[in-house]
Amino acid sequence: MAVSYKPQLNYTDFKDLTEQIHFQSSEGKIWFGEQRMLLMNLTSLGAFRREIVNSMGAERAKGFFLRLGYLSGLKDAELARKLRPHCSELDIFLAGPQLHSLKGMVKVIPLEIDLDQETGDFYGRFEWIDSWEVEICKTELGQMSEPACWVLLGYACAYTSSFMGREIIFREVSCRGCGDEKCIIEGKPAEEWPDAKEFSRHFKADPIIEELYDLQEQLNSLRSTLQRQQGQYYGIGQSASYNRVCKMIDKAAQGKVSVLLLGETGVGKEVIAKSVHLRSERADGPFIAVNCAAIPPDLIEAELFGVEKGAYTGANQAREGRFERAHGGTIFLDEVIELTPRAQATLLRVLQEGELERVGDNRTRKVNVRVIAATNESLEQAVEQGRFRADLFYRLNVFPVQIPALRDRIEDLPLLAGHFLEKFHAQYEKRTLGLSDKALSLCMSYHWPGNIRELENVIERGVILTDNNETISQDALFVTPPATDKQPGERIDEEGNMRSGRPEGGTGSWSDTILGSGISLDEVEETLMRQAMEQANQNVSKAARLLGLTRPALAYRLKKSGILAES
Ligand SMILES: [Zn+2]
């Protein structure tokens, strides 16, 4: 039986619904039938909606609020059927719009209703007056670009769909929230809307977390592409001396020979080594970097070439070395000069025969590894002194590349500084305005004994000490302004203090100072050793040379004074 609504009917009488409201203030509860309700103020809900819109965008927020209304519509359709069991279809249906009014959401004026529960036919047209959502648009959100009565619309869809037993979709054909004269809604079965599918998607929860995972994945793949690109372009620089190095590297990468990287500490040898690897045909194989100075001499063989179970006390299980792990790829041996004589012999065999034996093993293993070695000392000199095998030196020295110090390519400093600024902005989630002109000019005239690594430390310190949207001053970079005429041996330590490699003043004055201050000889020795270790980047051999001692002599004293833990 089709029912057509005429607006003359006494639609405003819904006492039966009003009677369902009970205030149970002493219990802290308000009831509507069997549903617990809340009295909330509109402004707080408005502020909440603004926050949702701002943090996830209007489209996603719309989905949230449509679903909020939807749930409430389903509940009320159930209630309407219970409360008006013997009424006409139309009277039962009208409980929905009436409940909307009763709850203070909106005043609903039915304009046209055709419904038949048996056949499932439905058409409805309503005007919404004083929608709460239009009101918060005015106070909180400002005018929207499309209809804004989201919760109301979700309610209408759910209520009617539940009532009719089929999917009915309402659309707001005009809305005051987006500048129209009236809020008018129109509802009909989903099939009669051409874009029903798209609209219905709003009613499915759409967890943002999936999208975040997708984005994360994209980010990771972009990052690795970027790393590859950086590797291909050998780090950062445009200066002539750096370009010359890049051309050399380009040639070296294509071949199969060993490459020897020469240059001061901190010039970026590992970055260059990785570039060689990434530009070679081994790019898909592993790249293993080893700092030979960081591994205790008695462990270096096992670390590089592997060890068999029981080879020595503590070797509880067989383990592959770095060379085996680098099979099919490239190994980068930094500070190769620190290798023990036995490790030098094994390395020579790997280079000549492509095979090795693990420590304590007599099985020969084949390895296919390209070796890139690096040193900041003269290998030739080490050969003369008998510290380094001559035959190994010739093997490694097939393709030597000298990497310029930062002071010799100082025009690259602004680029490098920019690169590190970006890196530390990301790392510390900050955004400074970069170096001040004075700070930059100080950097341009400084000697940079620690090279690019020192620059990196200085920029990191600057970013840490500078607030967002402020310029990094020279004070943030350097604790004491560096002397910019070229003084050898000065550097900046981890705390950002300028350190001079030599004691200040003449020999007479510093000994007088110490004697006058009551410092003991042990303390002097300990301070000197710590200073030397720091300058040598914790490399014992290098520190020993600074102090004019042999390596074993210094190692003994370091252990005795507790500077170096027993290994
Ligand atoms: Zn509206």
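The values are calculated or read from the model by the stated rules, or taken from the named source; none is laboratory data. The structure displayed is predicted, hence computed values, not measured ones. Neighbour counts are summed over all protein chains in view; Cβ atoms, including those assigned to glycine, are modelled from backbone coordinates with ideal geometry. All accessible areas refer to the heavy atoms of the entire protein, side chains included, with ligands and DNA or RNA removed. Shrake-Rupley method; radii C 1.70, N 1.55, O 1.52, S 1.80 Å.
Numbers below:
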| read-out | value |
| --- | --- |
| Check on residue 276, within 18 Å of residue 245 (Cα to Cα), in a helix (DSSP H, G or I) and open to solvent by 70 Å² or more (accessible area, probe 1.4 Å) | no |
| Failed item, numbered, when residue 404 is tested on (1) touching a residue at least 60 places away in the same chain (Cβ under 8 Å); (2) open to solvent by less than 70 Å² (accessible area, probe 1.4 Å); (3) assigned to a helix (DSSP H, G or I); (4) not polar (S, T, N, Q) | (3) |
| Residue within the range 136-146 that is over 18 Å from residue 67 (Cα atoms), within 11 Å of the ligand (Cβ to nearest atom) and more than 39 Å from the chain's Cα centre (by Cα) present | no |
| Test: residue in the range 161-177 that is in contact with a Pro (Cβ under 6 Å, 6 or more places away or on another chain) and within 16 Å of the ligand (Cβ to nearest atom) | yes |
| Wholly within the range 310-400, helices (runs of 4 or more DSSP H) carrying at least 1 residues that are open to solvent by 50 Å² or more (accessible area, probe 1.4 Å), aromatic (Phe, Trp, Tyr) and under 24 Å from residue 264 (Cβ atoms) | 390-396 |
| Filtered residues of the range 233-250 (kept if at pLDDT below 85 and open to solvent by 60 Å² or more (accessible area, probe 1.4 Å)) | 233, 238 |
| Residue match in the range 9-16 (condition: in contact (Cβ under 8 Å) with a residue 60 or more places away in the chain, hydrophobic (A, V, I, L, M, F, W, C) and within 30 Å of residue 199 (Cα to Cα)) | no |
| Complete set of residues in the range 279-295 that are modelled with pLDDT under 90, open to solvent by less than 60 Å² (accessible area, probe 1.4 Å) and more than 24 Å from residue 353 (Cβ to Cβ) | 283 |
| Lone qualifier among 183, 149, 157 - being farther than 18 Å from residue 52 by Cα, within 13 Å of the ligand (Cβ to nearest atom), buried (at least 18 other Cβ atoms within 10 Å of the Cβ) and within 46 Å of the chain's Cα centre (by Cα) | 183 |
| Boolean, residue 75 is within 25 Å of residue 42 (Cα to Cα), outside any strand (DSSP E or B) and more than 15 Å from the ligand (Cβ to nearest atom) | yes |
| Scan of the range 83-104 for residues that are surrounded by fewer than 21 Cβ atoms within 10 Å (Cβ to Cβ) and either within 22 Å of residue 32 (Cα to Cα) or of a type in the set (A, V, I, L, M) (or both), ordered by number | 83, 84, 85, 86, 87, 90, 91, 92, 101, 102, 103, 104 |
| Criterion: within 17 Å of residue 400 (Cα to Cα) and at pLDDT 85 or above - qualifying residue of 255, 268 | 268 |
| Any hit, the range 196-209, residues being of a type in the set (Val, Ile, Thr), away from the ligand (no atom under 15 Å from the Cβ) and in contact with a helix residue (DSSP H, G or I) (Cβ under 7 Å, 6 or more places away or on another chain) | yes |
| Residue within the range 412-421 that is open to solvent by 10 Å² or more (accessible area, probe 1.4 Å) and of a type in the set (D, E, K, R) present | no |
| Helices (runs of 4 or more DSSP H) (entirely within the range 92-200) containing at least 1 residues that are touching a residue at least 40 places away in the same chain (Cβ under 8 Å) | 132-136, 150-164 |
